[in-house]
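Here is the structure we will look at, set down as structure tokens.
Each value in this text was obtained by applying a stated rule to the coordinates, not by laboratory testing. Everything numeric in this text was worked out from a predicted model, so none of it was measured. Cβ: placed from backbone, ideal geometry, glycine included. Neighbour counts: every protein chain shown.
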Amino acid sequence: MNILLGAPVWYGNRPFKRTIEELYKLGLDYFELSLDYPLPDCMEEAERGEIKELLEEFGLKIAFHSPLDISVMHPRDEIADASMTVLSRCMEFSAEFMPLSPYYNLHLHPKVSTYKLDDVREEIKQKGLGRWLEITKMASEFGILVSVENDLVPFEWSDLIFEALSLSSSSDVYFTFDIGHAIMAEVTQPKSRIKTKDGMYLDYLKRWIDKCGDKIRVVHLHDCSLTEKQDHLSIGSGELDFDAVFEVLNGTNCKYIVIETFWRNKEKEEMTYEEMRKNVEFCKSYL
């Protein structure tokens with residue numbers, strides 16, 4: 001598998017210069033920068049230039065994760081309109097780093113409590129698909145590649161993603177497959193029939209791949225505790241069988257893997273660079 005390995009970076013990882021230097025020492029190929037508030041507006045021109053220089057010096061790439069504090073598919077037009085304004089600024093910012101930026105990652109499903117209702121879900125989908133056409137047009141104008149990530153939403157409720165991808169014949173639209181989201185979206189359902197002892201969680205991964213495998217460009221990889229219902233754990237700290245996980249991922253067109261591990265263990269102790277080094281070495285043994 002000819003795949004580039006990356007790590008997540010967010011506002012709390014400042015100073016960014018030191019973080020980039022540490023990631024380079026770990027042998028990573030790129031990082032995915034989350035543009036949550038106050039990014040990107042708070043980043044002055046001098047800091048942008050410094051990051052570009054470091055990327056070129058180290059031969060690293062930079063991808064972007066759209067802000068989690070916006071909701072471009074929200075059914076309330078006032079919220080969606082404001083979110084689209086922020087999205088436009090974020091996409092414009094990411095375009096400044098071309099050609100060092102391989103993709104712009106974003107979520108679609110709005111965090112609306114009534115989403116579980118069939119009629120509400122259908123209304124959101126129809127309104128959202130109109131927004132999606134605006135988003136892809138905007139991305140095309142900025143010359144950036146968009147990759148849509150699956151949310152903590154069950155497979156059966158994810159038609160918004162499936163139809164958005166089917167509307168996009170362009171090669172500039174791809175899918176980010178978060179394996180933890182795919183599993184936890186089912187595990188946390190009250191009527192879930194998941195069997196944690198015999199690897200049935202792999203079926204949840206396989207059906208996403210069967211549906212979107214040819215569009216999968218990016219994978220967000222992390223361990224999960226099926227008993228504690230926690231994801232984004234350091235690899236080896238949960239209960240996933242990564243021999244089986246990587247075998248499943250071999251059936252995709254994945255080009256980028258983000259080792260999206262926020263926690264060292266089930267007690268949610270924060271990741272360290274040493275722990276990330278172990279994760280990087282582990283992943284490289286499969287690539």
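Structure notes:
- So L33, is it free of Cβ contacts under 8 Å to residues at least 60 places away in the same chain and surrounded by 16 or more Cβ atoms within 10 Å (Cβ to Cβ): yes
- Annotation note: of K278, K255, K266, K229, the sole residue that is basic (K, R) and within 21 Å of A63 (Cβ to Cβ) is K255.
- Within segment 248-283, if we keep just the residues that are farther than 21 Å from H65 by Cα and aliphatic (A, V, I, L, M), the residue that is surrounded by the fewest Cβ atoms within 10 Å (Cβ to Cβ) turns out to be V248.
- The residues listed here are E141, E134, E163, E122; of these, the one that is surrounded by fewer than 16 Cβ atoms within 10 Å (Cβ to Cβ), at negative phi and in contact (Cβ under 8 Å) with a residue 40 or more places away in the chain is E134.
- Of the strands (runs of 3 or more DSSP E) lying entirely inside segment 218-266, those carrying at least 1 residues that are of a type in the set (V, I, T) and under 12 Å from N279 (Cα atoms) are 256-259.
- The strands (runs of 3 or more DSSP E) located wholly in segment 1-114 that include 1 or more residues which are of a type in the set (F, W, Y) and over 20 Å from N150 (Cα atoms) occupy 30-34.
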